[in-house]
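The values are calculated or read from the model by the stated rules, or taken from the named source; none is laboratory data. Quick caveat: nothing in here was measured; it's all calculated off a predicted structure. Every residue, glycine as well, gets a Cβ built from its backbone with ideal geometry; the counts of neighbours run over all protein chains shown.
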Amino acid sequence: MKRGFISIILSFCIVISMVLPVSAAAVNLTVEKKADVLKELTILTGAGDGSYNLDKQLERSEAAAFIVRIMGKERHVNANKDMYKITSFPDVPATKWFAPYIGYCYENGIINGYENGNFGPGDYIDEKSFLKLMLGVLGYENNVDYTWADVYDKAYEIGLIDAEVYERKHNTTRKYLRGDVVEVLYNSLKLPRKNDSVTVIQNLVNESIVTLSKAEELGLIESSVATEIQAINVLNANWITVTFNQGVYNVDNEDLKIYETEDFTKSLAAEVMSQTSNELVIKTDNQTPDKSYTLEIYNVTNTRGKVTDVLSITFSGYKDPNLKTDFFRISSVEPINRSMVNVYFTHPVNANSEIITNYSIYEGDELFAGGSYRDITVSTMNSVDNGVTIYLKTKTFTKDVEYKIDIDGKLTSAYGVQLNEGEGEAITFKGIDNANEEFKVVSVDALTANKVAVEFNREVDPAFAQKFINYTVKGPNGQEIPVIKAVVGGERDKKGKVVYLNLASSLDGKYQYILRFEYIFDIYKQSTLEGVEYKFDGAYATGATLRINQVVAEDSGTVCVRFNKSVDESTVLNKSNYSIKGVSDTSYYAIPEKVYYEEADGQYTVKLYLPEDKQMISGKKYKLTVLKALKDKLGDSPAKNLEYTFTGSGNTAMPSISKAVIISNDSIKVEFAKEISGEIPNLLVSNYILQYADGGTTMSKLPLSMVYANPKTIVLKFDELDYNTEYTLKFNELKDYSGIYTRTAADGGNSIKVTLGN
């Protein structure tokens, strides 16, 4: 098939897992009676004269129609007939009744045409091919759950065909009749999907093709099934879904009760937010992670009017697999292969996190590896600021074996905070069987006439990768092209995996070149490329040149400029590369006082801080000019100066604190509304005062030290903080990044309530 068989999604609405066992009467139903049942379900239609043409061979067009109907999708197909009736098959006219059925099946990868481009709607389909389609309806995948050779075996195993059909499977000359199809379609009604309790008939009920009472009347669903809670799904700390095994009438809030399983006196407020026939969406108060709760629902009435006094189920309070907290904790763990595992934290980390003695890996109660350079190496990740990779030197992880990584509390984050308040923390994971891929070159591509990008399969050691003498480029005649510069870069998940090479002379697109590597180590310093050669073409595609994506006036004195690619910092911070002119007010001309640049979340942002006497006016038009001397990360400049017209803002944003959060028993993280300078008074610990009430007296304490994490974040360290005390943080002065504006206590707005982090 050109496309894989679509997974037929059976609605998760009314789930009834018990069906009526096949009775003697059902077994003895004639094929005509089974055809009558299928007609009641609108799966089979008569010929107009009351007959079903059961002795007629099954055509491919009819097979498509049967599949659509047994899936419960005929109503959808008819509603979208104009879309589905237009197909690529020349022998399927849009005017024919079967066109939309064939169109739906083809679009969803269920049935394909012939290699000649036709579909063959009037061609006969054989028994084996139709059984394969029905296995797909039931969720079984070809070459996963069965093969073409054992289609009959699988169909017999699950009850789709009986012993008589199975025994004649080798009779390839037998004609496949509509009567045979009736037997298969009828048998399928009571069969559940693979790994699912939802039967075909139940899905037809869910799709409103047939009513539950009609299905019960036809003996296809047991009518005395007791109402049960089939499943509970904890979506997050405040939302859960409850699924019943059948349809129920509306549940009132008064009929809900959630309490701690070990103490029924401690309840959790709950409210029904929405309800389908068999599913409730419930909002709760904050759940405690891993706490056992019991949900009770009273007076549950199913759609047949039967009342169940109480239904109950237990569940555990939501716990995010990726821990999110303001405190310094392990967030998650990710095994990569047999030798590597990534550990992510809730704070950014720095070189301190590479101290090997802070890490130990256990298998059960036995030390597996750690604490020694003989066992492991630890490297910070370039792609994120909060992760490290642990690399096993002498051992490998075993698939499905559980390991525990124990990290010492002496490990500190980039905020200067100890892991789990100095107590340390552990996290478990299971080994995986991914092969340890050797360190290698993924690709070598010419970006321009004198620039080449080399991508590796893992991060490289910059100390070696940025030595241009470790690269040699040779042309078609063996002539050498010197490499004059090497820079480690890459975007997002490729960060740290790409090296950009600047060449002394140009490549010729007509020829192939050889790049030779000398002493290129991976970030773990365990593997090296030495004397390896890689061929690449001198031809290059014209890449995107540096351009401005957006210019926004953040306030009257700050202009935010976003570029389309990473920019060379030596040129981007040169304020003489920027100028702003008034469009209507031609007398206005400004060069920024200071320039700030950051790369975050795929954004390349420059902020221009204007002189005090060059503030913009709200609503006025201005034109930014960026000189072509500005270069991107590869050292390329635009062909001409860049220009962008934008609208000024009248707001004057003075520096202020936007948030102050306790992140440990001695630290407060302070976030600012805009960038602040890394100079006095901002970096004076005496500039900050923490106030709190003790009895009727206002008490104050000063920080012992501080960490300037970045222009919008500092961390203040104190002797001790009480989580139950209400604190207010004040500052005496605060200077913005430009150094122009300083907020003082006299200006007001110099205090903020301190919150306790999550």
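If you check R69, R75, R60, which single one turns out to be within 14 Å of G120 (Cα to Cα) and either of a type outside the set (S, T, Y) or at pLDDT 95 or above (or both)?
R60
Would you check which residues across the stretch 74-95 are in a loop (DSSP other than H, G, I, E, B), under 28 Å from S188 (Cα atoms) and either touching a residue at least 40 places away in the same chain (Cβ under 8 Å) or more than 35 Å from the chain's Cα centre (by Cα) (or both) and list them? Steps first, answer last, please.
Initially, the stretch 74-95 is screened for residues in a loop (DSSP other than H, G, I, E, B), giving 80, 85-95.
So of that shortlist, the ones also under 28 Å from S188 (Cα atoms) come out as 80, 85.
Within the stretch 74-95, K85 is the sole residue that qualifies.
Residues checked against (1) without any contact (Cβ under 8 Å) to a residue 24 or more places away in the chain; (2) outside any strand (DSSP E or B); (3) closer than 14 Å to N302 by Cβ:
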| site | (1), (2), (3) |
| --- | --- |
| I201 | no, yes, no |
| A226 | no, yes, yes |
| L235 | no, no, no |
| I240 | no, no, no |
| N250 | no, yes, yes |
| K283 | no, no, no |
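Among the residues of the stretch 707-716, is there at least one that is of a type outside the set (A, V, I, L, M, F, W, C), free of Cβ contacts under 8 Å to residues at least 60 places away in the same chain, in the same structural domain as L684 (by TED's automatic domain parsing) and over 20 Å from K607 (Cα atoms)?
no
Can you tell me which residues in the stretch 480-537 are in a strand (DSSP E or B), hydrophobic (A, V, I, L, M, F, W, C) and closer than 15 Å to S383 by Cα?
Of everything in the stretch 480-537, those that are in a strand (DSSP E or B), hydrophobic (A, V, I, L, M, F, W, C) and closer than 15 Å to S383 by Cα turn out to be V488, V498, V499.
Report, by residue number, each residue of the stretch 168-198 that is farther than 21 Å from V31 by Cα and either under 32 Å from the mean Cα position of the chain (by Cα) or buried (at least 19 other Cβ atoms within 10 Å of the Cβ) (or both).
Of everything in the stretch 168-198, those that are farther than 21 Å from V31 by Cα and either under 32 Å from the mean Cα position of the chain (by Cα) or buried (at least 19 other Cβ atoms within 10 Å of the Cβ) (or both) turn out to be P192, R193, K194, N195, D196, S197, V198.
Restricting to the stretch 359-387, count the residues that are in contact with a Pro (Cβ under 7 Å, 6 or more places away or on another chain) and either more than 18 Å from A414 (Cα to Cα) or not assigned by TED's automatic domain parsing to the domain that holds E423 (or both).
Here the count works out to 0.
Hey, can you tell me all the residues within the stretch 592-633 that are closer than 18 Å to Y741 by Cβ and hydrophobic (A, V, I, L, M, F, W, C)?
V595, L608, L610, M616, I617
For F345, state whether it is among the aromatic types (F, W, Y), touching a His at 6+ places or on another chain (Cβ under 9 Å) and closer than 30 Å to V401 by Cβ.
no
May I ask you to verify whether V551 is under 24 Å from E491 (Cα atoms), free of Cβ contacts under 8 Å to residues at least 60 places away in the same chain and either in contact with a Leu (Cβ under 9 Å, 6 or more places away or on another chain) or assigned by TED's automatic domain parsing to the domain that holds G490 (or both)?
Considered against the rule, which asks whether it is under 24 Å from E491 (Cα atoms), free of Cβ contacts under 8 Å to residues at least 60 places away in the same chain and either in contact with a Leu (Cβ under 9 Å, 6 or more places away or on another chain) or assigned by TED's automatic domain parsing to the domain that holds G490 (or both), V551 comes out as no.
Scan S413, S360 and give me the residue that is touching a His at 6+ places or on another chain (Cβ under 7 Å) and either touching a residue at least 24 places away in the same chain (Cβ under 8 Å) or closer than 30 Å to D263 by Cα (or both).
Values: S360 fails: touching a His at 6+ places or on another chain (Cβ under 7 Å).
Step by step, each of S413, S360 is checked, and only S413 is touching a His at 6+ places or on another chain (Cβ under 7 Å) and either touching a residue at least 24 places away in the same chain (Cβ under 8 Å) or closer than 30 Å to D263 by Cα (or both).
Considering only the stretch 372-425, state which residues are farther than 15 Å from T346 by Cβ, among the polar types (S, T, N, Q) and in a loop (DSSP other than H, G, I, E, B).
S372, N382, S383, T394, T396, T398
Looking at V343, V310, V349, can you tell me which residue is buried (at least 19 other Cβ atoms within 10 Å of the Cβ), among the hydrophobic types (A, V, I, L, M, F, W, C) and not in a loop (DSSP other than H, G, I, E, B)?
V343
Which numbered condition trips up I689, out of (1) crowded, with 16+ Cβ neighbours inside 10 Å; (2) modelled with pLDDT of 90 or more; (3) more than 40 Å from the chain's Cα centre (by Cα); (4) in a loop (DSSP other than H, G, I, E, B)?
Among (1) crowded, with 16+ Cβ neighbours inside 10 Å; (2) modelled with pLDDT of 90 or more; (3) more than 40 Å from the chain's Cα centre (by Cα); (4) in a loop (DSSP other than H, G, I, E, B), the lone unmet condition for I689 is (4).
Grab the strands (runs of 3 or more DSSP E) fully contained in the stretch 598-684, keeping just those with 1 or more residues being closer than 27 Å to A544 by Cα and hydrophobic (A, V, I, L, M, F, W, C). Break it down into steps so the answer makes sense when it comes.
Values: elements: 603-609, 621-626, 642-647, 657-664, 667-672.
Answer list for the stretch 598-684: 603-609, 621-626, 642-647.
Can you name the number of the only condition in (1) touching a residue at least 60 places away in the same chain (Cβ under 8 Å); (2) outside the structural domain of L177 (by TED's automatic domain parsing) that G117 fails?
That leaves (1) as the condition not met.
Taking the stretch 355-386 on its own, how many of its residues are surrounded by 16 or more Cβ atoms within 10 Å (Cβ to Cβ) and either of a type in the set (S, T, N, Q) or under 16 Å from D522 (Cβ atoms) (or both)?
Qualifying residue count for the region: 10.
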